[in-house]
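One structure is given below, encoded as structure tokens.
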Amino acid sequence: MRQIKVDYQRQRFPARNHGQREARPVPRQAQPGHRQTVRCVQHPGVRMVLAGTNHEWNTVRYICPMCSAMGMPLVEMATGVVSSYFADRGYGFVDNGGPRIFFHISDLQGRFTPYVGMPVTCRVEQNERGLIGRQVQAR
Ligand SMILES: [Zn+2]
């Protein structure tokens, strides 16, 4: 499978932090300058709060304050590209630099036809077979 490089930048620290452990790379969308607004599925009016990164999946975590209050889990968001798509079978995969993410056409958000190399974002869930992309949308 084709490997997609995710755009990383290293955090810069002032000189007084010299000698501390080097910071881990942070996906671009987790950085302060990034303007992506992620909204909750259950609470469309609520803006999700950035809550760190998942290095294993190469995803960014968001918390909905309302869902959090109800004990619902946080959301993992992936930024990647469609690495394969089988139109006749209605599914494909997203590559975000982590484990591959399966998606089904029923999880596409909006009307579009995926193609290999298409830049997308999606919410990521996991089941016994691996990672699954939900609300896949073009970016
Ligand atoms: Zn919510």
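Please treat every number below as a calculation from the coordinates, not as lab data. Not measured: the values here are computed from a predicted model. In this analysis, Cβ positions are derived from the backbone assuming ideal geometry, glycine residues included, and neighbour counts consider all displayed protein chains.
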Exercise for the section: For the range 103-125, enumerate the residues that are in contact with a strand residue (DSSP E or B) (Cβ under 7 Å, 6 or more places away or on another chain) and either within 13 Å of TRP57 (Cα to Cα) or among the hydroxyl-bearing types (Ser, Thr, Tyr) (or both). Expected result: TYR115, THR121, CYS122, ARG123, VAL124, GLU125
Practice task
Collect the residues in the range 50-103 that are away from the ligand (no atom under 16 Å from the Cβ) and among the polar types (S, T, N, Q), keeping them in residue-number order.
Solution key: THR53, ASN54, ASN58, THR59, THR79, SER83, SER84, ASN96
